[in-house]
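Engineer: If you scroll down you'll find the structure; I have some questions about it.
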Number of protein chains: 4
Amino acid sequence: HDIGRLTIQCADQPGIVAAVAGFLAEHGANITELGQFSTDSENGEFFQRTVFHCENVADRLAELDGDFAAQVGRRFGMTYTFTSAASPKRVAIMVSKYDHCLLELLWRNKRGDLDMDITLVISNHEDLRADAESFGVPFVHIPVSRANKAEAEARQLELLAGNVDLVVMARYMQILSAEFLSAVGCPVINIHHSFLPAFAGAGPYLKAKERGVKLIGATAHYATANLDEGPIIEQDVVRVSHRESVAELERRGAEVERSVLARAVQWHCEDRVMTYGNSTTIL
Amino acid sequence: HDIGRLTIQCADQPGIVAAVAGFLAEHGANITELGQFSTDSENGEFFQRTVFHCENVADRLAELDGDFAAQVGRRFGMTYTFTSAASPKRVAIMVSKYDHCLLELLWRNKRGDLDMDITLVISNHEDLRADAESFGVPFVHIPVSRANKAEAEARQLELLAGNVDLVVMARYMQILSAEFLSAVGCPVINIHHSFLPAFAGAGPYLKAKERGVKLIGATAHYATANLDEGPIIEQDVVRVSHRESVAELERRGAEVERSVLARAVQWHCEDRVMTYGNSTTIL
Amino acid sequence: HDIGRLTIQCADQPGIVAAVAGFLAEHGANITELGQFSTDSENGEFFQRTVFHCENVADRLAELDGDFAAQVGRRFGMTYTFTSAASPKRVAIMVSKYDHCLLELLWRNKRGDLDMDITLVISNHEDLRADAESFGVPFVHIPVSRANKAEAEARQLELLAGNVDLVVMARYMQILSAEFLSAVGCPVINIHHSFLPAFAGAGPYLKAKERGVKLIGATAHYATANLDEGPIIEQDVVRVSHRESVAELERRGAEVERSVLARAVQWHCEDRVMTYGNSTTIL
Amino acid sequence: HDIGRLTIQCADQPGIVAAVAGFLAEHGANITELGQFSTDSENGEFFQRTVFHCENVADRLAELDGDFAAQVGRRFGMTYTFTSAASPKRVAIMVSKYDHCLLELLWRNKRGDLDMDITLVISNHEDLRADAESFGVPFVHIPVSRANKAEAEARQLELLAGNVDLVVMARYMQILSAEFLSAVGCPVINIHHSFLPAFAGAGPYLKAKERGVKLIGATAHYATANLDEGPIIEQDVVRVSHRESVAELERRGAEVERSVLARAVQWHCEDRVMTYGNSTTIL
């Protein structure tokens, strides 16, 4: 209950680190971890993530937030957030029929490896109900067809908006509308089964096979209105050869998807990921 | 002088391995290495690479070739090649101003790591003359401009066609015409500074930076008339983050290019690479 | 039911490939995949793995085996095995309290990614009973103490010997005696939580932390009487830094263990792994 | 000439970041990059590397150093160093007969990829004289035998002590005595051709082959009186199989050595590496 995190983003300018460090020292907060990055030494964008020890920080977030705005934030034109490590993010997972990404998150979370509460699984199919419920996580089936898409998204939004801090598309095989992404009010992480920007869209393994690539990959990114174009959080690849059939590429790809998505979600839940333009800074 | 290689490609059908192994045994050739692959168990394409020990094979290639055609090759409709490990491929390297790929090949070849003779370096600039000549390799400067491109290619062809077994574009920053590729009469390997098909074309590191990718790569492929679209021989990647500038991405990318190109050239020179459609089988 | 596999090991000598291919062709078996390797071109050890299509091969294994001995095997002094792809290996898994390796195998097997039947889970603790049973796999608790070790192994042998084709130690935290390994009558695969031979024995992550290594790994090997010294089947590593605590190294290591063990088990079940001295040939 | 670096190491305690950032702000230095790490949130060791922009910092190092001691350094019991990015480290390279590590450093340095001046190559053999001199670097041959070892080290020390900031053993096949390491007065980086602590000592590739390992590696570390036991700076591995002979393992290992050593030297020259116990913190 004594560990807090402060993330900051603003135009780079002299004196930021000193001002922030001074503020924290005056408020009895001892910095235990500090990551900082500027995109450029002149006219760059400044990013900082600070982890600090401060007694009862969970109860003092509002006070810190207000003081910081007055003393530091406004002066430097900062976007910033104070969080308490004792309050894990509330996360909803959207899935279709593939189980591997869902199970990886459920299982790692059960082991205590991920800093989050999985509050809900939403699916357009019934298939994975037993998997979710066996971990004690509520499962809601919301069928989606071309005809009812707007209605289905409205029902999803009822469950999600205001109730969760993050939505994870764990191989959810539907495109979320720009309206949904705007209305849901929290970040949405998607896992794509290729090394983006290569093989965006459907059927990446077949395309990879036909192109004879020697590595296949997976990409976790923030979902945006432009499909498969959002800021990339994490990527990884695995070596393949002519020997793997498309089905075997899928199997190997599934393994990469699992670990890439888990890392991206973990970093997000630890407040490590900040977006800038179409890319990310991970501190 | 006693090590030979036989590579075979044909429609898959029963009895190929037995026929080939029988032929070699009857001709006093002992198989020391055999790689085989079929794209499918039915109606697939069959590939085989066989390394064998056979006294004075270097002098018997024509005899083996003729006998094989009569006894095995025609019957199965094979494309096949006999080579002697004692006759390294004659290789020409085309470069512009970047030295890293050229130096990697010259240096590894000097150490005896590559199974080839570098007979010539051709460049559209003078910059790398001293590098090539310090390894005792002739360097020919053929300037290329929009105006003289056809003429320049004609001069390149004079030097290359019939005189080399392989052309390597070691960051040669000109596009070779379809006519050149057809007239040169031997395979052409190109190194592209991205993980194809991502970031084809010019400026891949800038595009990668803007897209926020977490891995950058390089791709060695056979040059075809369609730029950056030929059969891929080898690829690799290296992890990057938001911290690397475009210049630093280039530096790290150069390291990947060096090792990817060297591996692709080595495999080609060992007769390991067979093309099929737009992909490769590497045995 | 028509896919068979033949694995062969013997002293290298001329004519093996031809003899085997001829035998298979005469018996109506069409080779669909062939991997071959010799440790040396002279006086080497010869290894071959052949996958073939042959009608009703599952019912003809004894016939093939007998014919092969008479016509090929004895002549070349071969160790060889015919198997049918339709008969998956019967596998028992031994565990203690760590769940990650067990769950990875259960889950991948349920998805059809592994070519095996998990017939039994044996543990010296009760902790993972629910995990095993939720996949429909019998779980037997056999407590082990210094006092009852011989007795416990005797009970394990009762369940295992003659009933399974493979035992997998999926982080089973007990040392199996030389007597057990000899009496169990089938291979035993172990997963060690380091990149062997570095950090053999207990506490590898603490040792790795103190030594400041930049990569941690996992090793799957066949268990032998010499602890952590058996033939290595597969290894992999993951990059770490000074930032990871010992607990975090364990978490990352667990991920590597899962994929390394799954690959090793899969290769074994596909008859790809042959041992020679203290190393393995994987075809 | 305006970029400075400050590295700090001390017992962790509240207020360090604020004090340092305040000091730099007051001295007109704007932080452009800050890396920080504590080994533990209580009683840990604190490390910080700060890159800052400060006019004419190259001329102001002594002033900054003195002021910092008085205002910050002594108060927190810090070990610290101010350097100017405009003053590259003076580096001597020690080699024997293997050329790959030497050439990698000479070549990368010529391309401007490494932040150092190579002032001298010392070797116990004549073999690599032409390689060094072709890059314009003085080469000194100091033969070493069992009989003259003390004398040879004395001559090496004459050339090195006080004249260089770093010594790199680029496959120098002699053991440097504890006396030498103490008298040379600067850090010594060594490259070992295995993934330490696996296969320490001589002949690692043969040992790796016999053990059947599936990855081989290289380790760059600071040389200490205990052979192959010093703090590790960087490691990497490459995948191998049963197919590679010991000679091929050496070839592949050489590639890993080149990139691992180059990275370690580069990080050292950028003041990124701090040692603590037997491990390193790399910021």
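We did not get these values from a lab; they are worked out from the coordinates using the rules stated. Here the structure is a predicted model, which is why all the values come from computation and not from measurement. Using ideal geometry, Cβ is built from the backbone for each residue, glycine included, and neighbour counts are taken over all protein chains shown.
Engineer: Take peptide D:210-221, look around each residue's Cβ out to 10 angstrom, count Cβ atoms belonging to other protein chains, and average those counts. If you can, show how the numbers build up before the last one.
Structural biologist: Details: counts 3, 9, 15, 8, 14, 9, 0, 6, 0, 3, 1, 2.
Other-chain Cβ atoms within 10 Å of each residue's Cβ, averaged: 6.
Engineer: Here is a follow-up. Would you mind checking the pairs B:Lys110/D:Lys209; A:Lys110/C:Lys110; B:Lys89/D:Lys209; A:Lys209/C:Lys89; C:Lys214/D:Lys214; C:Lys97/C:Lys149 and listing those with alpha carbons more than 22 angstrom apart? Write down the numbers at each step before the final one.
Structural biologist: Numbers: B:Lys110/D:Lys209 26 Å; A:Lys110/C:Lys110 20 Å; B:Lys89/D:Lys209 30 Å; A:Lys209/C:Lys89 30 Å; C:Lys214/D:Lys214 18 Å; C:Lys97/C:Lys149 18 Å.
Correct reply: B:Lys110/D:Lys209; B:Lys89/D:Lys209; A:Lys209/C:Lys89.
Engineer: Taking other Cβ within 10 Å of each residue's Cβ, how do A:Leu157, D:Leu64 sort, fewest first? Display every interim value, and only then the final one.
Structural biologist: Values: A:Leu157 15, D:Leu64 20.
Fewest-to-most ranking of A:Leu157, D:Leu64: A:Leu157, D:Leu64.
Engineer: Could you please rank C:Val140, C:Val57, placing first whichever residue has the fewest other Cβ atoms within 10 Å of its Cβ? Please report the intermediate quantities before stating the final value.
Structural biologist: Details: C:Val140 14, C:Val57 24.
With the sparsest Cβ surroundings first, the list reads C:Val140, C:Val57.
Engineer: Sticking with this structure for a sec: Would you compute the Debye intensity of the range C:1-142 from its alpha-carbon atoms alone, equal scatterers and no solvent, and pass along log10 I(q)/I(0) at q = 0.10, 0.14 Å⁻¹ to two decimals?
Structural biologist: -0.50, -0.77
Engineer: For n ≥ 4 DSSP H runs only, could you compute -39500 (n - 2.57) per run for chain C, divide by its residues and tell me the 222 nm figure to the nearest 500?
Structural biologist: For chain C, the value works out to -9000 deg cm²/dmol.
Engineer: Spelling out what I want: for every residue of the range C:132-141, take phi, set θ = phi - 60°, compute 6.51 cos²θ - 1.76 cosθ + 1.60 (Karplus), and round to whole Hz; glycine and proline get x.
Structural biologist: Along the range C:132-141, the couplings run 5, 5, 5, 9, x, 9, x, 10, 10, 8 Hz.
Engineer: Find how many whole Å separate the alpha carbon centroid of the range B:34-52 from the alpha carbon centroid of the range A:38-96.
Structural biologist: Spelled out, the Cα-based centre of one part sits 59 Å from the other.
Engineer: Percent antiparallel among DSSP beta bridges with both residues in the range D:89-282, to the nearest 5? Walk me through the intermediate numbers first.
Structural biologist: Values: 15 of 32 bridges.
Rounded to the nearest five, the antiparallel share is 45 percent.
Engineer: For the range A:230-283, calculate the relative contact order in percent as a whole number, restricting contacts to Cα pairs under 8 Å that are 6 or more residues apart. All intermediate terms of the calculation are to be shown ahead of the outcome.
Structural biologist: Numbers: 39 pairs, mean separation 25.8, N = 54.
Averaging sequence separation for qualifying contacts and normalising by length gives 48 percent for the range A:230-283.
Engineer: Can I ask one more? Could you work out how far apart the two model spin labels at C:Ala130 and A:Ala202 are, taking each label as a point 7 Å from the Cα in the direction of the beta carbon, and quote it in nm?
Structural biologist: Rounded to a tenth, the inter-label distance reads 4.0 nm.
Engineer: Related question: Quick one: helix A:246-269 against the long Cα principal axis of chain A, what's the angle to the nearest 10°, folded into 0 to 90?
Structural biologist: With both axes taken from Cα atoms, the answer is about 20 degrees.
Engineer: When Cβ neighbours within 10 Å are restricted to other protein chains, what is their mean count per residue of peptide A:197-208? Before the final figure, lay out each step's value.
Structural biologist: Details: counts 9, 9, 2, 1, 0, 0, 0, 0, 0, 0, 1, 2.
Mean partner-chain Cβ count within 10 Å for A:197-208: 2.
Engineer: Let me ask something else about it. One decimal, nm, shortest first: give the distances between the label point of B:Asp59 and those of the same position in the other copies, each label point 7 Å from Cα along Cα→Cβ.
Structural biologist: Between copies, matching label points for B:Asp59 lie 5.7, 7.9, 9.7 nm apart.
Engineer: Sorting check: for A:248-258, B:184-194, which peptide has the highest mean count of neighbouring beta carbons within 10 Å, and how do the rest follow? The partial results should precede the final answer.
Structural biologist: Details: A:248-258: 20.2, B:184-194: 22.4.
Top to bottom by mean Cβ count within 10 Å: B:184-194, A:248-258.
Engineer: Tell me which A residue has its C-beta closest to the axis rotating A onto C, and the distance in Å?
Structural biologist: A:Ser134, 3
Engineer: Same structure again: For the range A:37-80, restrict the atom set to alpha-carbon positions and state the Rg and Dmax in Å.
Structural biologist: Final numbers for Rg and Dmax: 13.0, 38 Å.
Engineer: Right, here's the next one. Please compute the average number of Cβ atoms from other chains found within 10 Å of each residue's Cβ in peptide D:249-258. Can you show the working numbers first?
Structural biologist: Numbers: counts 0, 0, 5, 1, 0, 3, 7, 1, 0, 3.
The per-residue average across the peptide is 2.
Engineer: Next question. Using a 7 Å offset from Cα along the direction of the beta-carbon, what are the separations from A:Glu158 to the same position in each other copy, nm, ascending?
Structural biologist: 5.9, 8.1, 9.1
Engineer: Something else now. What are the principal axis extents of the Cα atoms in chain A, in Å, biggest first?
Structural biologist: Cα spread of chain A along its principal axes, largest to smallest: 60, 40, 36 Å.
Engineer: List the relative contact order of chain B as a percent without decimals, with contacts defined as Cα pairs under 8 Å and 6+ residues apart. Display every interim value, and only then the final one.
Structural biologist: Details: 533 pairs, mean separation 43.5, N = 283.
The value is 15 percent.
Engineer: State, to one decimal in nm and shortest first, how far the label point of A:Val238 sits from each corresponding label point in the other identical copies (label point: 7 angstrom along Cα-to-Cβ).
Structural biologist: The projected label point of A:Val238 is separated from its counterparts by 1.4, 2.4, 2.5 nm.
Engineer: Follow-up. Pull out a ≥ b ≥ c, the square roots of the eigenvalues of the alpha-carbon gyration tensor of the range A:85-169, then state rounded if a/c is under 1.5, prolate if not and a/b is larger than b/c, and oblate in the remaining case. Intermediate values should be presented prior to the final figure.
Structural biologist: Details: a/c = 2.54, a/b = 1.42, b/c = 1.79.
Since a/c reaches 1.5 but b/c is at least a/b, the shape of the range A:85-169 is classed as oblate.
Engineer: Specify the inter-centroid distance of the range A:1-18 and the range D:190-209, based on alpha-carbon positions, in whole Å.
Structural biologist: The two parts, judged by their Cα centres, are 45 Å apart.
Engineer: Residues of the range C:1-30 with the amide nitrogen closer than 16 Å to a label point 7 Å from the Cα of C:Asp40, along Cα-to-Cβ, please.
Structural biologist: C:10-14
Engineer: Shifting gears a bit: Using label points projected 7 Å from each Cα along Cα→Cβ, tell me how many nm separate A:Ala86 and D:Ala58, to one decimal.
Structural biologist: If labels sit at A:Ala86 and D:Ala58, their model points lie 5.3 nm apart.
Engineer: Principal axis extents for the protein assembly as shown, Cα atoms only, whole Å, descending order, please.
Structural biologist: In descending order, the Cα extents are 88, 70, 69 Å.
Engineer: Among D:His141, A:His27, which comes first, then next, by fewest other beta-carbon atoms within 10 Å? Write down the numbers at each step before the final one.
Structural biologist: Details: D:His141 13, A:His27 17.
Least to most surrounded, the residues fall as D:His141, A:His27.
Engineer: Using Cα centres only, tell me the gap between the range B:228-256 and the range D:97-155 in whole Å.
Structural biologist: 30 Å
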